[in-house]
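Please treat every number below as a calculation from the coordinates, not as lab data. It should be emphasised that the depicted structure is a prediction, and the values quoted were computed from it without experimental measurement. Heads up, the Cβs are rebuilt from the backbone with ideal geometry, glycines too, and the neighbour counts pull from every protein chain shown.
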């Protein structure tokens, strides 16, 4: 992905899947499991499967809501801080997430804190190449 594509990706399933795979390092599970009522989580806890009555109690793996749920986004922020060493979240007319490693600086923005954090984390992964 390019910088422009990352900064234009909105909060939602696409962003969440990118975070689960590229930042948290866990691809979408493909294994089939037995019937269950309660949600189950993948090994890395980045994907969950919750059966839907409206889909015949068949469930599909969904990424955690990193880009819309602040508690999930804090895990991404923790990754950013641990991996890059710095992390700063700034509130203004929009949210800004800033981090720096050596000479590289990343700056993610969004209309919510979780989205700004997710964009910054994807930019960090892109910067590392």
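So here's what we get for this one:
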quantity: Additional length obtainable on full extension of the chain from residue 13 to residue 126, 0.36 nm per residue less Cα span; calculated: 38.7 nm
quantity: Projected label distance in nm at residue 90 and residue 62, using a 7 Å step from Cα toward the beta-carbon; calculated: 3.5 nm
quantity: Tilt relative to the chain, helix 113-128 - C-alpha long axis, 0 to 90 degrees, to 10; calculated: 70 degrees
quantity: Compactness of the chain, expressed as Rg and Dmax over alpha-carbon positions, Å; calculated: 15.7, 52
quantity: Distance in nm between pseudo-label sites at residue 48 and residue 78 (7 Å out along the Cβ direction from Cα); calculated: 1.6 nm
quantity: Extension gain, residue 28 back to residue 100 (0.36 nm per residue minus Cα-Cα distance, nm); calculated: 23.0 nm
quantity: C-alpha long axis of helix 70-84 to longest principal axis of the chain, angle in °; calculated: 50 degrees
